[in-house]
Structures are given as structure tokens and as C-alpha cells.
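Here's the structure we're looking at; comments come further down.
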Amino acid sequence: MLKVENVTFSYLAQTTITKANFTLEGGKSLAIIGESGCGKSTLLKLIYGLYDLEQGQIFWKDLEVLGPKYHLIPGMEYMKYLAQDFDLMPYITVAENVGKYLSNLYPETKKERITKLLEIVEMQEFANVKAKYLSGGQMQRVAIAKVLALEPEVLLLDEPFSHIDNFRKNSLRRKLFSYLKQKQITCIVATHDSTDVLSFADEVLVMQQGKIIEQGNPEFIFNNPKSHYVSSLFGDVNEIKIKEKIHFVYPHQLKVVSNSDLKITVSTSYFRGSHYLIEALYDKQVLFFESLIDYTKGEILFLDVVIIL
Ligand code: ADP
Ligand code: MG
């Protein structure tokens, strides 16, 4: 169990993390989401022990995470941290980078291990290529394999998919998270892209301006956003006033009906592959909804909310 208790931290005069509290069961995956600058990377670094806390304590099992004041080499042994800027050695090969910290005592075992890790990140073909020849996305994949190499108990990943093409992201995520589950590795992923999160995280933690404002399972947080800020992390969201109460409604929750109180005028249609995202005006307010049918500017339609949140 990872325990973050009442943690407060500042770089300068301004407080960056304020009274962060949460626990995470061993073997689970947690996603930290929030807008850029809200403190995700800082929180990961604190969990890893890169800075001294101003207040509070962090524990992994019964061990306290201690900062540089108490450790000559910052960072906890049983954890691995993948920084936003992955550090690979440019002049050695992909396989050498991944195996850098693995023991040379059993060369066959080491080779098998490297092959297995490169498979997870889909980089087998590049095993013998020097890291400097890789694209940003490829480097990021090798960096992921490298932090997995030593089978940490806790893995901290900072924006691990930020440079990876969309078409590869899904299969990489599936492979990575099934590997982590199989090995029962506890994982925390910081990301500004919440779509990264919904399919794999056991839990989500939402941060805003250095504070944890929500923690829960992804489906619950997605379906019951407490504020516009939370729902907007999941994409375009509509704020619709129904019977004096404001509801946060996602575009896929609005559908065209023959008649309703929600009378709108279409302003623009965006082709999104599987559907159209329609921008419309409702009483001077801009609304977005998804539709399988394309509509043209000026069309007047009625909408209904499929699920009221
Ligand atoms: P996120 O990862 O959510 O984008 P960060 O944790 O990187 O957010 O940053 C949180 C806040 O702390 C930001 O206002 C950022 O400018 C500030 N900050 C981050 N790193 C440092 C640093 N080394 N020194 C001073 N301020 C920093
Ligand atoms: Mg960050």
C-alpha cells in the first residue's frame, strides 16, 4: 500500500502541492490527471523521493520515502521513475540501454529479458540500433522498457505516451498494463490526456492547482464530474441549465429528437471519422453534440439529454 499523508511542498514562495492525501493498494494502477501546471510531475517526484517534503509523510508498505536530505542518491530503490524527458544513452544500442542495469552474470537470461521488454514496447526490430537514431516516440518506448527492466515494486510514469503516435498508443497501453498487472507492479501515471486513462486505470486522481480534488474509479469520475474543470479534462463538455440546475453533459449524451425544450441552431459540423461533432447555439450558448448524421449551418433541431448527470 502506498500512503501519501498530508503532503505539502513548495519550490519557491508559492505552495505547489497542498495537503495531498491518498492511498493506493499494491498492484493497482492510478492515473493522476489535471491541467498543465497543476502539480502532477511534482507529486510524482515527491513520491519518488526527489525532494524533501515541507509537511507530511509518504510510505510504501512500512517504509518511509525520504528525500535528498536523508539519502545520498535521491530516489527509492524499489521504485522506478520515468521522467517527462527520458534519459537514454545516445551512443549505445536500444538493447544495451534497456539492459543497462541488468546483471551480466547470466547473459542468456539477460538477453531473453531484454527481448521480452522490447516486445512489450514493440521495439524488437530496433534492438541493435543506436538510441540517437530513434524518433521521439521510439525513444519514449525504449525508456519505458528500461524502467521495467528491474521489475520495480512501484512504477511512476510521467506522461509516458506523450510522444507516441495514436495508432500505436492503444496496443502499447494494452501490453504495458497487462504486463504490470501480471507482475503485480503498482503504477502511477501522470497525464494531461484523460483518454489515456479511462481504459486502464483502476483509480483516477484529479488535481487542480496543487490540490487533489477527486479520487475514484474512472467510470464514476467520468460519469459524475463534480465541476466543469473535471468534466473538461475528458473533452468538450456542455454546461446546460435544466430546471435551474447546471448539468455537465458530454457531446455523446445529447441526441436529436423531434421536439424538446432544448431548441438549437446548427453552426458548424466537424467530421470525426466515426461521427460528426456538431457545434450549435442554444439560447446564445455554444453546445456540442455528436451525431451520425451531418447537419448544415442554420438547421434548427431539438436535443434531448440521454443521461442526466
Ligand atoms: P504538471 O506536471 O501538472 O504540469 P508541475 O508539477 O510540473 O505540473 O508544476 C507545478 C508548478 O510548479 C508549476 O507552476 C510549475 O511552474 C512549478 N514548477 C515545476 N518545477 C519547478 C521547479 N523546478 N522550480 C520552480 N517551480 C517549478
Ligand atoms: Mg508534468
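The values are calculated or read from the model by the stated rules, or taken from the named source; none is laboratory data. All values reported here derive from a predicted model rather than from experimental measurement. Positions of Cβ are generated from backbone atoms using ideal geometry, with glycine treated the same way; all protein chains shown enter the neighbour counts. Surface accessibility is based on the protein's heavy atoms, side chains included, excluding ligands, DNA and RNA. Shrake-Rupley method; radii C 1.70, N 1.55, O 1.52, S 1.80 Å.
Output the residues belonging to segment 292-307 that are in contact with a Leu (Cβ under 8 Å, 6 or more places away or on another chain), open to solvent by less than 40 Å² (accessible area, probe 1.4 Å) and in a strand (DSSP E or B).
Of everything in segment 292-307, those that are in contact with a Leu (Cβ under 8 Å, 6 or more places away or on another chain), open to solvent by less than 40 Å² (accessible area, probe 1.4 Å) and in a strand (DSSP E or B) turn out to be LEU303, VAL305.
Given the criterion more than 16 Å from ligand 1 (Cβ to nearest atom) and under 21 Å from the mean Cα position of the chain (by Cα), identify the matching residue among GLY56, GLY39, GLY26.
GLY26
Identify, please: which residue in segment 160-187 is within 16 Å of ligand 1 (Cβ to nearest atom) and surrounded by fewer than 21 Cβ atoms within 10 Å (Cβ to Cβ) and is, among those, farthest from the chain's Cα centre (by Cα)?
HIS163
Which condition does ASN128 not pass, out of (1) modelled with pLDDT of 95 or more; (2) part of a helix (DSSP H, G or I), if it passes all the others?
Unmet condition: (2).
For segment 280-291, give me each residue that is open to solvent by less than 40 Å² (accessible area, probe 1.4 Å) and not hydrophobic (A, V, I, L, M, F, W, C).
Hit for segment 280-291 is SER291, nothing else.
Pairs, please: C-beta under 6 Å, at least 6 apart or cross-chain, first residue in contact (Cβ under 8 Å) with a residue 12 or more places away in the chain and in segment 209-221, second small (Gly, Ala, Ser) and outside any helix (DSSP H, G or I)?
Correct list of pairs: GLY210/GLY39; ILE212/ALA20; PRO218/ALA201.
Taking segment 188-202 as the search range and keeping residues that are more than 16 Å from ligand 1 (Cβ to nearest atom) and modelled with pLDDT of 85 or more, which one is surrounded by the most Cβ atoms within 10 Å (Cβ to Cβ)?
ALA201
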